[in-house]
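The next block holds one structure in the form of C-alpha cells; read it before the comments.
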Amino acid sequence: MDKILEAVVTSSYPASVKQGLVRRVLEAARQPLEREQCLALLALGARLYVGGADELPRRVGCQLLHVAGRHHPDVFAEFFSARRVLRLLQGGAGPPGPRALACVQLGLQLLPDGPAAEEVFALLRREVLRTVCERPGPAACAQVARLLVRHPRCVPDGPHRLLFCQQLVRCLGRFRCPAEGEEGAVEFLEQAQQVSGLLAQLWRAQPAAILPCLKELFAVISCTEEEPPSSALASVVQHLPLELMDGVIRNLSNDDSVTDSQMLTAISRMIDWVSWPLGKNIDKWIIALLKGLAAVKKFSILIEVSLAKIEKVFSKLLYPIVRGAALSVLKYMLLTFQHSHEAFHLLLPHIPPMVASLLKEDSNSGTSCLEQLAELVHCMVFRFPGFPDLYEPVMEAVKDLHVPNEDRIKQLLGQDAWTSQKSELAGFFPRLMAKSDTGKIGLINLGNTCYVNSILQALFMASDFRHCVLRLTENNSQPLMTKLQWLFAFLEHSQRPAISPENFLSASWTPWFSPGTQQDCSEYLKYLLDRLHEEEKTGTRICQKLKQSSSPSPPEEPPGPSSTSVEKMFGGKIVTRIRCLSCLNVSSREEAFTDLSLAFPPPERCRRRRLGSVMLPAEGVGAPEPPSPSPAPVQSRAGPRRQRKHCITGDVPPAVLDIEGPGPQGPGGQSGQEEEEVGKEEESKEERGKEEEEEGAREKEEEGTREKEEEGTREEEEEGTREKKEGEKEKEVEEEKVEKEEGKDKDKEKDSLGPGTHRATPSGEGSRSVLDLVNYFLSPERLTAENRYYCESCASLQEAEKVVELSQGPRYLILTLLRFSFDLRTMRRRKILDDVAIPLLLRLPLAGGQAQAYDLCSVVVHSGVSSESGHYYCYAREGTARPAPSPGTADRPEPEHQWYLFNDTRVSFSSFESVSNVTSFFPKDTAYVLFYRQRPGEGPEAVLASPRIRTEPTLHKDLMEAISKDNILFLQEQEKEARSRAAYISALPASPHWGRGFDEDKDEDEGSPGGCNAAGGNGGDFHRLVF
C-alpha cells in the first residue's frame, strides 16, 4: 500500500486524480493493518512531509501521520522513538530544517504518554539547545519557538535553561530577512516575534534569567568585530519589565569594563531599532540610556551618536507604524543637543519635505506629529538664532502651524539639556553639579563680588535692556558694552551652571573700590550705567566724524544727539522748582536721572503724615461717594504744594483698592483711629496749613540730611543737629546722597501693594512702603536759615520753597532705598533695618496730575548690618513688556510670572511671597535696589508692546561660535572630571545613604542666603569655570 501511494503521489496524473487515489489509501489505512504495513506507511508519511518537493506530497505526508497516529497508536509510539527523532534532527548537514522540526512537533502531538514519550522529551531538551547553538535561520528558530511553546516539557531545564535563553538572543542577532517585498518582511517580523515571545515566556517562569540575557544582548550589540546584528533584537526589548530600567541603565553607564567604543556602538545600534515596527517601549529604553550617559558626563559619546543618527531617526517620521517612537527619540536628541547648532542644522534640508509629506497624509497621527515637529523647530530657532538664510525655508514650511509661547519654549529647553541631568556623583563632588532646574545660570563670586553679580543678574532679567545689548553689532566703538553683550550671551546660551564675570568685572571696575572688599551695589550700578552712557555717546561722535571725513561732499550739519541705550531704558527727567517766599519768583531746572535715591522719613514724620493727610486721597478714590470737603482746602492752597498733593494722591483710580493684600482690618478697611483723624483734618484748613508748616520745620531739625541747591549734595545730621561737617567728613556725608521723601498713609500703601504682601500694618507707626518713600522724596522743602536760597530778583539770600516733580518716567525705574547713614557718634555708616513693603504694582506720580504704572521685576537684597560687609543677592523675574492692559485692569498687578533667586552660583525658583517676607524672616536681609518696568500703554514707548512671542535677538557669528566652543569645552571638562572620579566612587563602601542630601537643591527661603564668599551664597567649594 505504501508503494502504491508513493507511486501515485510522484506520478504525472492530474491533481484531482491524485487526490482521489490518496483518499482511498487513507480510508484503507484507517482499517486494522499489519505492523509492518503500518510502519511502512508512517515512514512514507515522514519522508513526504519532510522532503516533499511541493505542497501536495507534504500535505499527503501530514495526513498519513495523522491517520496512523490516531488509529494505530501503539505502532506510532514504536515508530516515533527517540532514535527516529534524532535521525530527523540530524539528517542533514548543519542545524535541522524547519520541516524536520515541524515533523517532530506533529509527532509529539500524536505521541501517547508513556516511557517512550519521556525518552523523546529528554532527547529534545538536549537537541533544541544544540540546535539554537548552531544558529539556525529565522524559519527554523521560529519553528523551535513554536515547538517549545506548544510543548514546554521540551525546554532545557536546570543551568541549561539560562544558556538556552542567552543563545536565543544570539540567534535573534543573526536573523536576516530572507526575502524582499511586503510578504517576506511580514513573515520575518512574525518569526522574530515568535522567538521573542518564547523568551518572554521563559522569563516569566524564571525571572532570574532576565539580567543575564540583557548582558548577552549588550554584548551582541556592542561587539565591534562582527557584522552588525539584526534589528530583530528590538523585539526582545518590548518584553523587558520597565521597573528594571533604572537599575540596568545605572549599572551599565557606570560599568568601567565597558569601553567608549563599545558604548557608542551599542547606543548607535539601539537607535537603529526605532525602525522596528512591532516593538513597544523601545524609545523609552533608548532615551533612558542617553540620559544615563548624560548623568555620568559621557558627552563625547552623546555628541557623536547624535550627529551620526539624528537624520536617520528623523526619516522614520514618514512611517506611521514607527512614528511615535521615532518622534520621542528625535525630540530628546534635539532638546538635549543645546551646546551647538550642528544637530539641528543637519535636519534643516529635510524639514520642509517632511512637513509637506505629513500635510499630504492628512491623518491624526500626521497632524499630531506636525504640531510637535513645529514646536521643536521653534524651540531650536529660539535656542540658536542668527541663521536667517538657513531658517527661512523651514519657517515658511511651518508658518501655518501652532506657535508655542516663549514660556513653553523655555520649559522644553530647560528640562532635557544634558547639563540638567542629575548625577549621582554631584552629591559629593560640587564640580559635577548640574545646571539649575530653572534654566538660569549663576555668576561665580570672585571674592566679595556678590554686589556685582546681583546687579548684573538684575540687568540681565530686564529683558528690553538685555535685548538691546545683545543686538549690538560687531566692530562697534563700545568696548564695555561689547563685554556686557558677551556676558549676557553666555548667561542666555551657556550650558554651564555658572560662569565667571571676571572679564567684565575688570573692564567695569570702579577706580575707587578696593579689590577683595565688599562694596555698595548701588554705587557700582550708577558707575556702570554712567560708563555705558558716556562710552556710547563718545562712540557715536567718533563714528560721525569718521563719516564726515571720509565723505567727499561738503560736510553737512551734524544730526542732533540721539538717546543712548542707557537713556532709552533707564533715563527719566526730573524738574526742580524753587519759589522765593519774598518775591514769589519761581526758577526751574530739568535734569535727567537713571535712578532715584529714596531716603527714609523720620518716624514722627511718617506718623504725622498718616494722621494729618492720609485720608484725603482715600476719599478722593471713592468714586460712588460725594466728594468730601477736605480736598477744597488743598485746592485753595497756593503754589507747588497744592499741585503736588493732587499729583501724588489724587489720581489713583478706584481699581487700586481691589488689589491690596489681606490685612488686619480687611480689604480696604480703615481703623477707628483713622476715622477720628479724618474728623480732625476736616476741622479747619487754616489749622492744618499751620500744622504742616510747623511740621516742615520740625522735619528739618529731626531729619539729619539736607540737600544743597545747585550741587545736589546733602548733609546728614542726627537728632536735630544742624552743624556742618568740615573737610573729608563733609565730603563723605555728601556721598551718601540722602534725599527727602514724603510720608504717606498706610491705606495708600496697601492700595499699591500686590497680593502676598501681608507685613504692612496700617496702624503701626514704624511701617513704611515704597510709595511712602517716593512721596517723601517729592515733598516740598523749606529753605531757611543757613539753607536760604539766593534769589536773583531780590539779589539776596531769601527763604524759599523747593519742589521736586517727575516730568518723564523711565522705561525701567530704579529705586535705591538709602539704608546706609552716617552715625556722628560712632563716626561710621550704619544701616537702617526698617522693613519696607514692596508693591508688585507701583503708580509713579508725575507732574500735571498724571501717574504711570510700573511692575516690579527685580529686588536686590543686602544681608548684613553695614555697607562694608554682608552679602548681596537678587530676586528677579522677566522684566519685559507685556500686552497693554484692558480697560478697568490698569491698576491690577501683573499675573505672577516666575520669580528666581540669584545667589551667586546658586539659582533657584522663588516667589513674590518670599520677596515680601524676607525681612520678616531675616531682619538683617533688607531690600536695597528695586527695578520696576513701565507698563505698556503708560508711556512714550507704548508702541513697543511685545508681540505674541519675544525671541532672543540674533547673535553675530563670532559670538555664537565662541559659545558653542565653550559649551563643548564644558562637556569635555565634565566628562573628564566624571571619569577621574568614577574609579574612586566605585572603591568606596556601598551604602544606599552615602552622599544623600549633601548638596541637594534646597529652598533658599528656608534659611538666610548667608554670607559672601568666593563660592557663592551657600559656601562650599565650587569649580570656577571662566568662559
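The set of residues from the range 586-632 being open to solvent by less than 50 Å² (accessible area, probe 1.4 Å), at pLDDT 50 or above and part of a helix (DSSP H, G or I) comprises R605, C606.
Candidates in the range 970-992 are the residues that are open to solvent by less than 80 Å² (accessible area, probe 1.4 Å) and within 24 Å of the chain's Cα centre (by Cα); of these, the one that is modelled with the highest pLDDT is F970. The residue pairs whose first member lies in the range 771-795 and is over 27 Å from G809 (Cα atoms), whose second member is assigned to a helix (DSSP H, G or I) and at pLDDT below 90, and whose beta carbons are closer than 8 Å, counting only pairs six or more residues apart or on different chains, are T784/A697; T784/K700.
Does I838 fit the bill of being open to solvent by less than 40 Å² (accessible area, probe 1.4 Å), among the β-branched types (V, I, T), touching a residue at least 40 places away in the same chain (Cβ under 8 Å) and in contact with a Phe, Trp or Tyr (Cβ under 6 Å, 6 or more places away or on another chain)?
Working: open to solvent by less than 40 Å² (accessible area, probe 1.4 Å): yes; among the β-branched types (V, I, T): yes; touching a residue at least 40 places away in the same chain (Cβ under 8 Å): yes; in contact with a Phe, Trp or Tyr (Cβ under 6 Å, 6 or more places away or on another chain): no.
No; evaluated as a whole, the condition is false for this residue.
Given the criteria among the hydrophobic types (A, V, I, L, M, F, W, C), modelled with pLDDT of 90 or more, over 15 Å from the mean Cα position of the chain (by Cα) and farther than 22 Å from L376 by Cβ, does F488 qualify? Yes.
Please go through the range 8-39 and give me each residue that is of a type in the set (V, I, T) and either assigned to a loop (DSSP other than H, G, I, E, B) or touching a Leu at 6+ places or on another chain (Cβ under 9 Å) (or both), ordered by number.
Those that are of a type in the set (V, I, T) and either assigned to a loop (DSSP other than H, G, I, E, B) or touching a Leu at 6+ places or on another chain (Cβ under 9 Å) (or both): V8, V9, V22, V25.
Here G292 fits the description: over 30 Å from E361 (Cα atoms) and open to solvent by less than 40 Å² (accessible area, probe 1.4 Å). When E801 is tested against (1) modelled with pLDDT under 90; (2) outside any loop (DSSP other than H, G, I, E, B); (3) acidic (D, E), only condition (1) is not met.
Being open to solvent by less than 40 Å² (accessible area, probe 1.4 Å) and either over 43 Å from the mean Cα position of the chain (by Cα) or closer than 30 Å to K298 by Cα (or both): is that true of L199 here? It would help to see each step written out before you state the result.
On the way: open to solvent by less than 40 Å² (accessible area, probe 1.4 Å): yes; either over 43 Å from the mean Cα position of the chain (by Cα) or closer than 30 Å to K298 by Cα (or both): no.
No; evaluated as a whole, the condition is false for this residue.
Give the range 458-482 a look and list any residue that's under 21 Å from the mean Cα position of the chain (by Cα), crowded, with 23+ Cβ neighbours inside 10 Å and farther than 26 Å from G516 by Cβ, or say none. Result: M461, A462, R466. Taken over the range 225-264, residues that are free of Cβ contacts under 8 Å to residues at least 24 places away in the same chain and either closer than 17 Å to A325 by Cα or in a helix (DSSP H, G or I) (or both) amount to 3. For the range 942-969, the tally of residues that are part of a helix (DSSP H, G or I) and modelled with pLDDT under 80 stands at 3. Pull out all pairs, ordered by first then second residue, where Cβ-Cβ is under 8 Å, the residues are six or more apart or on different chains, the first lies in the range 356-376 and is more than 12 Å from D400 (Cα to Cα), and the second is hydroxyl-bearing (S, T, Y) and in a helix (DSSP H, G or I). Going by the 8 Å Cβ cut-off, the qualifying pairs are L358/T367. Please state which of the following conditions C583 fails to meet, knowing it meets all the rest: (1) modelled with pLDDT of 85 or more; (2) touching a Lys or Arg at 6+ places or on another chain (Cβ under 8 Å); (3) within 23 Å of V803 (Cα to Cα). If we test C583 against (1) modelled with pLDDT of 85 or more; (2) touching a Lys or Arg at 6+ places or on another chain (Cβ under 8 Å); (3) within 23 Å of V803 (Cα to Cα), just (2) comes out false. Only one entry of L5, L101, L42 meets the criterion of being part of a helix (DSSP H, G or I), over 30 Å from V128 (Cβ atoms) and open to solvent by less than 30 Å² (accessible area, probe 1.4 Å), and that entry is L5. Consider the range 807-846 and keep the residues that are outside any strand (DSSP E or B) and of a type in the set (A, V, I, L, M, F, W, C). The one that is nearest to N917 (Cα to Cα) is I838.
Here's the yes/no breakdown for (1) at pLDDT below 80; (2) farther than 30 Å from P352 by Cβ; (3) buried (at least 23 other Cβ atoms within 10 Å of the Cβ):
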{"residue": "L401", "(1), (2), (3)": "no, no, no"}
{"residue": "Q411", "(1), (2), (3)": "no, no, no"}
{"residue": "R431", "(1), (2), (3)": "yes, yes, no"}
{"residue": "G439", "(1), (2), (3)": "no, no, no"}
{"residue": "L456", "(1), (2), (3)": "no, yes, yes"}
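Scanning the range 778-814 for residues being of a type in the set (A, V, I, L, M, F, W, C), in contact with a Lys or Arg (Cβ under 7 Å, 6 or more places away or on another chain) and either open to solvent by 20 Å² or more (accessible area, probe 1.4 Å) or closer than 17 Å to Q852 by Cα (or both) gives a total of 2. Taking the condition of a type in the set (S, T, Y), modelled with pLDDT under 90 and open to solvent by 30 Å² or more (accessible area, probe 1.4 Å), does S257 pass? Yes, satisfied.
The values are calculated or read from the model by the stated rules, or taken from the named source; none is laboratory data. All values reported here derive from a predicted model rather than from experimental measurement. Here Cβ is always computed from backbone atoms with ideal geometry, including for glycine, and neighbour counts include all displayed protein chains. Accessible surface is based on the protein model in full, side chains and every heavy atom, while ligands, DNA and RNA are left aside. Shrake-Rupley method; radii C 1.70, N 1.55, O 1.52, S 1.80 Å.
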